[in-house]
Amino acid sequence: MPLDHRRLRGPEESQPPALWAAAAAEDEEDGEGAGAVPRDPCALRPLFARAGLLSQAQGSAYVELGSGTKVLCAAWGPREAAEPGPGRLLCEFRRAPFAGRGARSRPGAAAEREAEREAAAALREALEPAVRLGRYPRARLAVSALLLQDGGSALAAAVSAAALALADAGVEMYDLAVGCALCRPAAPAAAWMLQPAEPEERRAAARLTLALLPALNQVSAVLGGGRGGPPEDWAQALRLGLDGCHRQYPVLRQSLLRAAQRRDAAAAAAATSA
C-alpha cells in the first residue's frame, strides 16, 4: 500500500499535557525549596521605573521589580466634578488576564472583582495623603493601575507607579508615595523579608505593605496581617520597610527627572522645527 506523504507520522504513544505541567510545577517547587540559594532578607530586588510612556494619558509610569512584577499606571485630571466639595482621588486596580502563573479564575468572577476593589481601596488610602487635594476643589483626579505580571509585592509596586504617574501628570503633591512589601515565612524564628516574590508570599505566615512619603518621613498607609509574632517583631518589620522605601526613593525621583528632561527636549525640538 503506497504511503501518504502529505501526512506527518505521529508518535506511537501520546501523553496528556497535564502530566508534563505537573512535573514542571514539581520541579519549580523543588527549586524554590531546600535547593534554592537563600537570599538576604534585607536585600532589595532590582527596581526599574520609567515615567511618561503613554501619550493617551496626562501622566503615566511603568515599574518593574526583579521578582518579575510589572505594573503600568496612567493618571488623568483634574476634571470637573458635579458635586461640590474638596477634590477627590479615584483609583482603579486591574489584573491582566495573563498576570499570574498557573490556573486563573474566570475573568470577571466575583472573587477577582472583590480582590481588585480591595487593591484599589488600598491604593487610594496610600496615595491620598501624598496629593494636595485641597488645591483642586470640585475636581476629580483619576489613576488606573494595570498589573501586567504578578511576581510578588504587586500592591507596593502599584503604589510607587501610581504616585509616579500622578507626579508625571503635573498633579501637586507633598511627596512621592513609595511602596514596600514584606513577608515573614512560616518557619519558627524566621526573619522578615523585603520585597517577597510570589512563592514567598504564598507560603508566608504574615504579610505587610507600607507606603511612605520619604521627604516628609510620614507613613501614608500600613496594610497587612497574619501571624507575625509579638509587637516587637512587627515594629522590626516596620523599620525594615521604612528603610526599603528610603532606598527606592532616589530611583523614582531620577525617573521622574528624566521624564521631565525628555519632555523639555521634545518641546524644544518642536519649537525649533516650527
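Within the range 178-198, what residues put their amide N at less than 16 Å from the label point 7 Å along the Cα-to-Cβ vector of ARG239? Correct set: 191-194.
Kindly identify the range 204-253 as rounded, prolate or oblate by the Cα gyration tensor criterion: order the square roots of the eigenvalues as a ≥ b ≥ c, call it rounded if a/c is under 1.5, otherwise compare a/b with b/c, prolate if a/b is larger, else oblate. Taking the square roots of the gyration eigenvalues as a ≥ b ≥ c, the range 204-253 is prolate.
Amide H to amide H, with H built 1.01 Å from N, ALA81 comes under 5 Å of ALA139, ARG140, counting only residues 5 or more places away or on other chains. When peptides 139-152, 194-207 are sorted by average Cβ neighbour count within 10 Å, with the highest value leading, the order is 139-152, 194-207.
The listed peptides 257-264, 62-69, 177-184, ordered by packing as a protection proxy, come out as 177-184, 62-69, 257-264 (highest mean of other Cβ atoms within 10 Å first). Quick one: grab the alpha carbon gyration tensor of the range 41-267, order the square roots of its eigenvalues as a ≥ b ≥ c, and give me rounded if a/c is under 1.5, else prolate or oblate depending on whether a/b is larger than b/c. Prolate. Length gained on full extension, ALA186 to ALA268: 23.9 nm, using 0.36 nm per residue less the C-alpha separation. Note on the range 151-268: Cα-only Rg and Dmax are 16.2, 60 Å.
Of the whole protein surface, TRP76 contributes about 70 Å² of accessible area at a 1.4 Å probe radius. In this label model, ARG113 and GLN261 are separated by 4.6 nm, measuring between points 7 Å along each Cα→Cβ vector. Once the chain from TYR174 to ASN217 is taken as fully extended at 0.36 nm per residue, the excess over their C-alpha distance is 14.4 nm.
Quick check on the range 86-194: what does the Kirkwood estimate of hydrodynamic radius come out to from the alpha carbon pairs, in Å? List each step's numbers first, then the result.
Working: mean 1/r = 0.0650 Å⁻¹.
Taking the inverse mean of 1/r over all distinct Cα pairs, the range 86-194 comes out at 15.4 Å.
Evaluate the charge dipole of the range 41-267 about its Cα centre and quote only its size in Debye, nearest 20, assuming +1 on the Cβ of each Lys and Arg and -1 on the Cβ of each Asp and Glu. Present the calculation step by step, with values, prior to reporting the outcome.
Details: 28 positive and 21 negative charges, 78 e Å.
Using Cβ point charges on Lys, Arg, Asp and Glu, the range 41-267 gives about 380 debye.
With a cut-off of 15 Å between beta carbons, the residues surrounding ARG45 carry a summed charge of -4, where Lys and Arg count +1 and Asp and Glu -1. Taking amide H as placed 1.01 Å from N in the peptide plane, GLN149 has its amide H under 5 Å from the amide H of LYS70, each at least 5 places away in sequence or on another chain. With Cα atoms defining each centre, the range 250-269 and the range 186-226 are spaced 31 Å apart in the structure.
The values are calculated or read from the model by the stated rules, or taken from the named source; none is laboratory data. Only a predicted model underlies this, so the values are computations on that prediction, with no experimental measurement involved. Virtual Cβ from ideal backbone geometry, glycine too; neighbours counted across all protein chains shown. To get the accessible areas, we keep the full protein, side chains included, count just its heavy atoms, and leave off ligands, DNA and RNA. Shrake-Rupley method; radii C 1.70, N 1.55, O 1.52, S 1.80 Å.
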